[in-house]
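The values are calculated or read from the model by the stated rules, or taken from the named source; none is laboratory data. Values in this document were obtained by computation on a predicted structure and should not be read as measured data. For accessibility, only protein heavy atoms count, side chains too; no ligands or nucleic acids. Shrake-Rupley method; radii C 1.70, N 1.55, O 1.52, S 1.80 Å.
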Amino acid sequence: ADCDQLGFNLRSNIFQGGPLESRSLMKDSYTPDIIQKAIRDPKNWHGRRTDELGKWHQKNALNLNLQKALEDKYG
């Protein structure tokens with residue numbers, strides 16, 4: 001039943017994807033010379049970086065959640 005419904009939705013193109021043209025708040029707010037000067041230094045980057053181990057843990061968590069949902073639904 002779920003597979004039939006998903007197949008119908010894919011055939012009828014309900015999932016059309018994202019917009020063809022994306023807009024950026026930074027590009028709309030600043031002039032092009034400011035954007036060209038904004039080069040990120042990897043050694044002085046104040047955000048988070050996801051390494052291979054972090055990506056594996058994220059995929060593993062999604063897989064565990066999927067397995068749990070399938071067990072709850074189908075037993």
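Just one of the numbered conditions (1) at pLDDT below 65; (2) open to solvent by 100 Å² or more (accessible area, probe 1.4 Å); (3) not in a helix (DSSP H, G or I) is not true of Leu20: (1). Do you know which residues across region 23-56 are open to solvent by 100 Å² or more (accessible area, probe 1.4 Å) and either at pLDDT 75 or above or on the phi > 0 side of the Ramachandran plot (or both)? Answer for region 23-56, where residues must be open to solvent by 100 Å² or more (accessible area, probe 1.4 Å) and either at pLDDT 75 or above or on the phi > 0 side of the Ramachandran plot (or both): Arg23, Leu25, Lys27, Tyr30, Gln36, Lys37, Glu52, Leu53, Trp56.
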